[in-house]
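Comments concern the structure below.
The values are calculated or read from the model by the stated rules, or taken from the named source; none is laboratory data. Just so it is clear, the model here is predicted, and its values are computed rather than measured. Positions of Cβ are backbone-derived with ideal geometry, glycine not excepted, and every protein chain shown enters the neighbour counts.
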Amino acid sequence: MSSRSVVQIVNASSASAPRVNRSLTAAAEKRLLEWMAHCAPQWVTSDGLTAVGLAAQIAAGACYALARWNRYALLGTCLCIALNWLGDSLDGTLARVRRRQRLRYGFYVDHVVDIFGSAALMGGMALSGLVHAPVALAMLIAFLLLSGESYLATHTLGCFEMSQAFFGPTEIRILLVIGNLALLRSPYSQLFGHTWLLFDVGGAIATAGMLAMALITAARHTAELYRREPLP
């Protein structure tokens, strides 16, 4: 078998890797998405939903930037986050229900969209004045590190873990919406006798959490691969 054939087989297995989602909302979300997919009209397509998800995430970043001058733009951010959930979550379910999956194409496009969309979202946060730019950048770096580890684990272990420690993309979106609503009341929080930007505190916690998850999963997956491939 040629090396090119081996690469093609590995890539195909990565794209078709089973998805594991142990998040708090996973079971209810799966039932809802399958119901929505069966009810969706024929003009709704997976590619269209993916485009909606990306556009909504970029728009959410723009709303964060606009919140620098008018905090009520955060309501637009909440709406865009909901639309992003719809597009990002329903596109794959719709393809599976209609049996129109394109495994490698879907795997690639879905994750590229996540990377660019997250960069737009964090960039908007950095411009909002509601979080300091270094904190927003730290969140983006931590997200990319965690994502990169997840993609490599999918490629080498043949399993795509969508959640970490009972938290997945949907839980993160819910926390963002709650945070946005809290910002409408006040952008500040009191902690240890000091006044901080609320999203600075949340961003620092999110960054630490994502970095910790990236390190823990990297160590666990390294150990698993070491056991699977013992030295001759």
Task: Residue check for Ile174: more than 17 Å from Leu145 (Cβ to Cβ) and within 20 Å of the chain's Cα centre (by Cα) - done: yes
Open item on the list: Any residue at all in the range 187-198 that's within 25 Å of His155 (Cα to Cα), modelled with pLDDT under 95 and under 26 Å from the mean Cα position of the chain (by Cα)?
Closed with: no
Open item on the list: I'd like to verify a number: residues in the range 70-126 that are free of Cβ contacts under 8 Å to residues at least 40 places away in the same chain and among the acidic types (Asp, Glu), how many?
Closed with: 1
- [ ] Kindly indicate whether any position in the range 90-110 is among the small types (Gly, Ala, Ser), closer than 25 Å to Ser189 by Cα and part of a helix (DSSP H, G or I).
- [x] no
Open item on the list: Looking at Asp91, Asp114 in this structure, which one is farther than 15 Å from Thr45 by Cα and of a type outside the set (A, V, I, L, M)?
Closed with: Asp114
Open item on the list: Considering only residues that are touching a Lys or Arg at 6+ places or on another chain (Cβ under 7 Å) and surrounded by 22 or more Cβ atoms within 10 Å (Cβ to Cβ), which ones fall in the range 110-136?
Closed with: Ser128
- [ ] Filter the range 189-204 for residues that are free of Cβ contacts under 8 Å to residues at least 12 places away in the same chain and either surrounded by 15 or more Cβ atoms within 10 Å (Cβ to Cβ) or part of a loop (DSSP other than H, G, I, E, B) (or both) and give the result.
- [x] Phe192, Gly193, Trp196
Task: Only listed residue being at pLDDT 95 or above, part of a helix (DSSP H, G or I) and not aliphatic (A, V, I, L, M), chosen from Thr207, Thr217 - done: Thr207
TODO: Please determine, by comparing only the residues of the range 120-162 that are closer than 15 Å to Ala17 by Cα and assigned to a loop (DSSP other than H, G, I, E, B), which one is modelled with the lowest pLDDT.
DONE: Met162
TODO: Only residues that are in contact (Cβ under 8 Å) with a residue 40 or more places away in the chain and either of a type in the set (A, V, I, L, M) or not in a helix (DSSP H, G or I) (or both): list them for the range 163-173, please.
DONE: Ser163, Gln164, Ala165, Phe166, Phe167, Gly168
Open item on the list: I'd like the residue in the range 75-109 that is within 30 Å of Leu183 (Cα to Cα) and hydroxyl-bearing (Ser, Thr, Tyr) and, out of all such residues, is surrounded by the fewest Cβ atoms within 10 Å (Cβ to Cβ).
Closed with: Ser89
TODO: From Ala219, Ala223, Ala212, grab the single residue that is without any contact (Cβ under 8 Å) to a residue 60 or more places away in the chain and farther than 20 Å from Ile141 by Cα.
DONE: Ala223
TODO: Scan the range 142-166 residue by residue and report those that are farther than 19 Å from Leu103 by Cα and surrounded by 18 or more Cβ atoms within 10 Å (Cβ to Cβ).
DONE: Ala142, Phe143, Leu146, Glu149, Ser163, Gln164
